[in-house]
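The values are calculated or read from the model by the stated rules, or taken from the named source; none is laboratory data. Quick caveat: nothing in here was measured; it's all calculated off a predicted structure. Cβ placement follows ideal geometry from the backbone for every residue including glycine, while neighbour counts extend to all protein chains displayed.
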C-alpha cells in the first residue's frame, strides 16, 4: 500500500492517471507518518511523508525498513526482496491449510552466566550474545567501537546488526548495568514499534526464563 499526506481526492486522481494496481491511503495530519518517523516539514510548515519503504508481516512486525528510500531501478531491491522471501510460507494442502516443515519455536537456554562468560545450550561464549528468533550469534561490536572512548564502554548503536524483527527486544545491559544504549537505538525501536526491555543481564536472563516467546529477541552483554 502507498501512504502519503495528500488528500483522498488527490489520491483518486493520481491513481486514475497511473492506473495503480494497489491502494493509496491518505494520511492527512501525518499521524501514521509520524509513527514511522518519516515526517518532513517544508519551510512553510507543511508536513509531508518522506519517501520510504516498510515491510510489515501479518503479526504487525516490521521486517524491513528503509526510512530514507531513494528511487532505484527495478533490479536494485535485493535487500527488500530477501526480506520478503524470508517471510516464508508453505504451499497449501488439500484442506486449504498451509503445510510447513518448520520445527516448533524454542528460545535458546542460558545454562550458566558469570562475568565475561555465558553458556547457551551447552556452548560457552566469552562475548556478548544475541538470540534472533531462536538462533544464537555473538554480538559484533565493531561498528560501535569508535565510540568506546567517549562512553567508557562500547555502546549499543544502530550501526550494529540489531535483531529488530520482533515485538519485544530484551537487552541485558551488563552485570552492573553499565552498557550504554544510545538514544538512537531507542528512537529506532519506537519507530519500528518494538518494545525495549532494559535490565541488568542477570535480571534479563530471569525475565527470559519466564517470558520466552517467538516475538521476543535478546541481546545479552556479559561484562560491566
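Looking at the range 142-224, the helices (runs of 4 or more DSSP H) lying wholly inside it that each contain 1 or more residues that are farther than 17 Å from residue 113 by Cα, assigned by TED's automatic domain parsing to the domain that holds residue 118 and in contact with a strand residue (DSSP E or B) (Cβ under 9 Å, 6 or more places away or on another chain) sit at 183-192, 201-211. Checked against (1) modelled with pLDDT under 95; (2) on the phi < 0 side of the Ramachandran plot, residue 220 passes all but a single condition, namely (1). If the condition is being touching a helix residue (DSSP H, G or I) at 6+ places or on another chain (Cβ under 8 Å) and surrounded by fewer than 22 Cβ atoms within 10 Å (Cβ to Cβ), then the range 195-221 contributes 195, 196, 197, 199, 216. Residues that are touching a helix residue (DSSP H, G or I) at 6+ places or on another chain (Cβ under 8 Å) and surrounded by 15 or more Cβ atoms within 10 Å (Cβ to Cβ) within the range 11-47 comprise 24, 26, 27, 36, 37, 39, 47, listed in sequence order.
Every residue, every condition in (1) outside the structural domain of residue 162 (by TED's automatic domain parsing); (2) modelled with pLDDT under 80; (3) farther than 30 Å from residue 161 by Cβ, yes or no:
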| position | (1), (2), (3) |
| --- | --- |
| 16 | yes, no, yes |
| 25 | yes, no, yes |
| 79 | yes, yes, no |
| 95 | yes, yes, yes |
| 98 | yes, yes, no |
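For the range 27-39, the criterion of being under 25 Å from the mean Cα position of the chain (by Cα), outside the structural domain of residue 189 (by TED's automatic domain parsing) and at pLDDT below 85 is met by no residue. Would you confirm, using the coordinates I've provided, whether residue 152 is buried (at least 21 other Cβ atoms within 10 Å of the Cβ) and farther than 14 Å from residue 107 by Cβ? Against the criterion (buried (at least 21 other Cβ atoms within 10 Å of the Cβ) and farther than 14 Å from residue 107 by Cβ), residue 152 does not qualify. The set of residues in the range 28-69 that are outside any loop (DSSP other than H, G, I, E, B), in contact with a strand residue (DSSP E or B) (Cβ under 8 Å, 6 or more places away or on another chain) and under 25 Å from residue 132 (Cβ atoms) comprises 53, 54, 55, 56, 62, 63, 64, 65, 66.
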